Amino acid sequence: MIYMAQQLVKQPELTEEALLEGARRVGELAESQAKQAEEDASVSSEVVELMKEVGITQMMVPKNQGGPDVSLRTFVKVLRKVANYNVSAAWLTFLYPLHNMLPAYLPKESQEKIYNDGGLIADIFAAVGEAERVEGGYRVSGKWNFVSGINHASWVGVGVKVDNGEGGKEVILPMLYKDQFTIVENWDTFGLRGSGSNQIIVEDVFVPDDMIFMPEQAEEIRRPADDDYEKDYPLYHVPLFPAFYFGFPVMAVGAAERMIEEFKKATEKRVRLMDGVRESESPRSQRVMAEITTELKTAEALLDKYITLLEEYEENGAETPNSEFFALRTKIIKTTTEIGMRILLTLGGGALYKGGPIELFFRDIVSLATHKTSLYEDSVAAYGQDLFGFDSKVRG
């Protein structure tokens with residue numbers, strides 16, 4: 001296996017203002033290329049290179065590895081800004097920097113190997129692969145679908161189940177370099193097409209123990225196993241999976257915000273043929289505008305609660321159940337999806353034309369809501385169990 005000699009461009013001085021300006025540039029570029037990204041089933045390398053240039057992909061690299069180590073609040077603002085323009089680009093704006101938390105749990109030498117390579121990281125937690133224990137590590141094989149952003153990534157963590165030494169199984173993520181897997185471009189979906197969530201195939205690849213992310217360990221201790229780590233790294237102080245999923249409701253809120261803006265613009269100039277009334281002057285559309293705006297504010301308030309619970313998790317004794325995060329997150333996404341549906345059904349057939357902003361954002365927000373971590377019925381069932389004193393066993 002050959003690692004690139006490229007060094008991580010160190011940008012520890014990145015400010016929130018600079019990142020937000022970079023997010024605007026990324027969003028505008030992605031929106032201008034949205035039609036091509038739909039056809040290619042991937043955002044362009046130009047968009048990804050701009051993400052790198054403005055420092056977005058490095059946001060969650062720890063300071064001791066040359067990153068700016070930004071706060072969760074800044075991450076939220078940056079992600080929401082990109083989502084105002086294009087949800088597929090926002091999907092990668094979330095996942096590329098987020099995945100920098102995976103090597104942050106590895107031994108120091110392994111961290112440096114990945115961070116100094118400078119390549120982007122993808123992952124797939126679904127434990128559908130196979131791993132055979134051998135001396136010093138595992139031999140890994142399998143096929144994984146839904147690997148977002150893999151077209152532009154140098155590294156990927158893949159889910160496999162292995163014996164935990166206590167008669168049970170646990171999920172681990174071996175970290176693979178790009179010469180250890182093959183990409184199959186099979187991403188052809190209703191929405192989020194620009195995320196390029198393709199399949200990868202791995203055939204009998206050896207991965208040493210020091211290149212394996214251990215989710216259960218990270219979930220339990222919320223720190224790397226050794227004592228030499230960045231103490232202020234925000235992702236060490238939060239529950240693993242609720243933090244790993246926080247970007248999905250942020251994107252939903254950003255997309256709904258843009259859809260409301262587009263609804264307002266379309267309504268202000270719309271005159272209905274059946275009665276000749278300008279819609280902005282009609283109680284029909286005024287009522288819709290008021291209700292969807294109020295619903296967005298509700299979603300924003302729930303999002304703020306979610307982030308606050310993450311920030312105060314350890315201060316509150318690490319007692320917030322994973323199911324509560326799950327329920328809050330999916331309620332936000334359900335609310336924003338309903339906003340999109342209300343907009344579409346109010347505007348009527350004119351909003352259906354392919355490639356228009358309403359049509360594109362609606363497809364993307366519905367697709368976001370189908371992600372396994374966004375399923376509302378699953379979340380309320382789990383939260384209800386915990387509220388009645390049963391262990392839902394959900395991971396976040």
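Odds and ends about this structure:
- Rounded tilt (10° steps) of 376-387 against the dominant C-alpha axis of the chain: 70 degrees
- With contacts taken as Cα pairs under 8 Å and at least 6 residues apart, the chain reaches a relative contact order of 15 percent.
- Largest to smallest accessible area among Y233, Y383 [probe 1.4 Å]: Y383, Y233
- Taking a point 7 Å from the Cα of D391 along the Cα-to-Cβ direction, the residues of region 299-337 with backbone N closer than 19 Å to it are 318-326.
- For region 202-251 and region 28-102, distance of Cα centres in Å: 19 Å
- Three principal axis lengths of region 306-388 [C-alpha, angstrom, descending]: 51, 25, 20
- Listed peptides 241-247, 206-212 by packing density, highest first (mean Cβ within 10 Å): 241-247, 206-212
- Taking amide H atoms as placed 1.01 Å from N in the peptide plane, the amide H of F206 lies under 5 Å from those of V140, each 5 or more residues away in sequence or on another chain.
- Compactness relative to 2.2 N^0.38 Å, alpha carbon Rg of region 75-201: 1.12
- Environment charge of S88, counting only residues whose C-beta is closer than 13 Å and scoring Lys/Arg +1, Asp/Glu -1: -2
- Between helix 357-369 and the chain there is an angle of about 40 degrees, using the helix long axis and the longest principal axis of the Cα atoms.
- Cα-derived Rg over Rh, computed across region 21-83 with Rh taken as Kirkwood radius: 1.03
- Only Cα pairs under 8 Å and 6+ residues apart enter the sum, and on that basis the relative contact order of region 283-340 stands at 51 percent.
- From its DSSP helices (H runs of at least four residues, each -39,500 (n - 2.57)), the chain gives a residue-normalised ellipticity at 222 nm of -14500 deg cm²/dmol.
- Quarter of Cα convex hull surface for region 239-287, i.e. mean projection, nm²: 4.4 nm²
- Cβ-Cβ FRET estimate between T308 and S280, R0 fixed at 41 Å, reported to 0.05: 0.65
- Placed amide H near L176: partners under 5 Å, 5+ positions off or other chain: V156, G157, V158
The values are calculated or read from the model by the stated rules, or taken from the named source; none is laboratory data. Remember, predicted model here, so these are calculated numbers, not experimental data. So basically every Cβ, Gly included, is an ideal-geometry build from the backbone, and we count neighbours across all protein chains shown. These area figures cover heavy atoms from the full protein model, side chains too; ligands, DNA and RNA do not enter into them. Shrake-Rupley method; radii C 1.70, N 1.55, O 1.52, S 1.80 Å.
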